[in-house]
Amino acid sequence: MRIVVAPDSFKGSASASEVADALARGLSRALPNGEFIKVPMADGGEGTVHALVAATNGRLAEEEVCGPLGRKVRAFYGITGDGTTAVIEMAAASGLTLVRREERDPRRATSFGTGELIRAALDQGCRRFIIGIGGSATNDGGAGLIQALGGRLLDKEGKELPLGGAYLAHLERIDLTALDPRLKESRFLIACDVDNPLLGERGASAVYGPQKGATPQMVKELDRALARYAEVIKRDLDKDVANVPGSGAAGGLGAGLMAFLDATLHRGVDLVIEAVGLADKVKSADLVITGEGSVDGQTVYGKTPVGVARVAKSFNKPVVAVAGTIGAGAEAVYGHGVDVVVGILEGPTSLDTAMARAVYYLETTGERLGRLLKVGAGLGCALPRG
């Protein structure tokens, strides 16, 4: 029996690689002659770098960069096995988790460090970039990122704007004459699963600003600043990014990447599916097992289990999704290629215990699945014996 094990991480408990390993160990106890192809997955958010590095035999790299509030932080990025593709999670350099709750202020937060990671990857020879843009602390429209790469954002006196989204209200002119020339040789793909525009009631400031520390007054201030930013971008670069779906992602980083680097938006899980070559691995499998920490009604909106199931169903393969918790609306996944959802817990369990023992629960769940497969084979079901 050939089984592809392609899960996402269980956030806070186990990486995608650890989840795949645990499930495969359990399966192998019940199916000692089985073949298990482990494909760690992600949907463009947390874990994307590690999943793609593991799947392509790539490597991790670290850089000291500017954090969201200007303090230096150690941030990682990945280089896939081909040596030319960099995978960057902007949260590693410019993420909300890098800022203490009492310090959160999206007026001051900057994406400069993410630009520094891009520059470091350019130095390593990378010319293709996959940028995951979830979990940001910023609301600067990617202004800091482009400043790190040599772009100049100038006020009416010709002075460089300070870092931070609020200062975009004073933007008068964009000067890209000193922009890193290697960027013209590069292609940028944005892993983004939201369709918020840059401005307005569904824009970056209004929807995501409050979770980054913005008060109602700050939201108005930041939205006005981004409106000025979009106005100057349209005038100086001839690109209208204000209402493009996804331009409001990550505090407007989506807009900045599209405006300055000609980046294209993609569903995160689709980028990962392509990068890991999932289709080639699935087409000869008997079964596909996927999963994530919580399967619920939101899973159908670009999450890993449904993305994996879509590929599996293109080859008419059965799909099992394992989950730490099965939430309200989880049955929606049955209309998107998942055949059954299996919870990993063995009984009433506290959240702390469930997270601490996730690997154990995943391993025992793998064994139970393997034993069920043997029962099914014994009853004459389609799956062959292992």
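Structural remarks
- Members of the stretch 84-97 found to be surrounded by fewer than 22 Cβ atoms within 10 Å (Cβ to Cβ) and modelled with pLDDT under 95, listed by number: T84, L96, T97
- The residue list I79, I3 contains one member that is hydrophobic (A, V, I, L, M, F, W, C) and without any contact (Cβ under 8 Å) to a residue 60 or more places away in the chain, which is I79.
- Any hit, the stretch 343-354, residues being buried (at least 17 other Cβ atoms within 10 Å of the Cβ), of a type outside the set (A, V, I, L, M) and at negative phi: no
- Restricting the first member to the stretch 187-199 and to residues that are assigned by TED's automatic domain parsing to the domain that holds G254 and part of a loop (DSSP other than H, G, I, E, B), and the second to residues that are surrounded by fewer than 24 Cβ atoms within 10 Å (Cβ to Cβ) and hydroxyl-bearing (S, T, Y), the beta-carbon pairs closer than 7 Å and six or more apart or on different chains are D193/Y301.
- Close pairs from the stretch 43-58: first among the hydrophobic types (A, V, I, L, M, F, W, C), partner at pLDDT below 85, Cβ under 6 Å, at least 6 apart: none
- The set of residues from the stretch 169-203 being among the aliphatic types (A, V, I, L, M) and either at pLDDT below 95 or farther than 16 Å from N243 by Cα (or both) comprises A169, L171, I174, L176, A178, L179, L183, L189, I190, A191, V194.
- Filter result (more than 16 Å from V19 (Cβ to Cβ), of a type in the set (D, E, K, R) and not in a loop (DSSP other than H, G, I, E, B)) within the stretch 275-292: D280, K281
- Of all residues in the stretch 140-156 being of a type in the set (G, A, S) and not in a helix (DSSP H, G or I), the one that is surrounded by the fewest Cβ atoms within 10 Å (Cβ to Cβ): G150
- Any hit, the stretch 317-325, residues being more than 27 Å from M90 (Cα to Cα), in contact with a strand residue (DSSP E or B) (Cβ under 7 Å, 6 or more places away or on another chain), modelled with pLDDT under 95 and surrounded by fewer than 23 Cβ atoms within 10 Å (Cβ to Cβ): yes
- Single residue of A204, A242, A225 found to be crowded, with 23+ Cβ neighbours inside 10 Å, in contact (Cβ under 8 Å) with a residue 12 or more places away in the chain and under 25 Å from the mean Cα position of the chain (by Cα): A204
- Within the stretch 169-179, considering residues that are surrounded by fewer than 19 Cβ atoms within 10 Å (Cβ to Cβ) and in contact with a helix residue (DSSP H, G or I) (Cβ under 9 Å, 6 or more places away or on another chain), the one nearest to M218 (Cα to Cα): A169
- Meets criteria (buried (at least 24 other Cβ atoms within 10 Å of the Cβ) and farther than 15 Å from A225 by Cβ) for A137: yes
- Subset of the stretch 205-221 [in a helix (DSSP H, G or I) and touching a Pro at 6+ places or on another chain (Cβ under 6 Å)]: K212
- Residue within the stretch 306-314 that is over 21 Å from the mean Cα position of the chain (by Cα), over 19 Å from A16 (Cα atoms), at pLDDT 90 or above and not aromatic (F, W, Y) present: yes
- Some residue of the stretch 63-83 being surrounded by fewer than 24 Cβ atoms within 10 Å (Cβ to Cβ), of a type in the set (S, T, Y) and closer than 28 Å to A263 by Cα: yes
- Identity of the residue in the stretch 245-274, touching a residue at least 60 places away in the same chain (Cβ under 8 Å) and assigned to a loop (DSSP other than H, G, I, E, B), that ends up surrounded by the most Cβ atoms within 10 Å (Cβ to Cβ): A263
- Taken over the stretch 74-118, the criterion of being over 20 Å from the mean Cα position of the chain (by Cα) and of a type outside the set (G, A, S) is satisfied by D82, R100, R101, E102, E103, R104, D105, P106, R107, R108.
- Residue identified as part of a strand (DSSP E or B), closer than 17 Å to M41 by Cβ and in contact with a helix residue (DSSP H, G or I) (Cβ under 7 Å, 6 or more places away or on another chain) among G324, G302: G324
- Qualifying residue in the stretch 107-123 (condition: touching a Lys or Arg at 6+ places or on another chain (Cβ under 7 Å), over 25 Å from I3 (Cα atoms) and of a type outside the set (A, V, I, L, M, F, W, C)): no
The values are calculated or read from the model by the stated rules, or taken from the named source; none is laboratory data. Only a predicted model underlies this, so the values are computations on that prediction, with no experimental measurement involved. Reconstructed Cβ throughout: ideal geometry from the backbone, glycine too, with neighbour counts over all protein chains shown.
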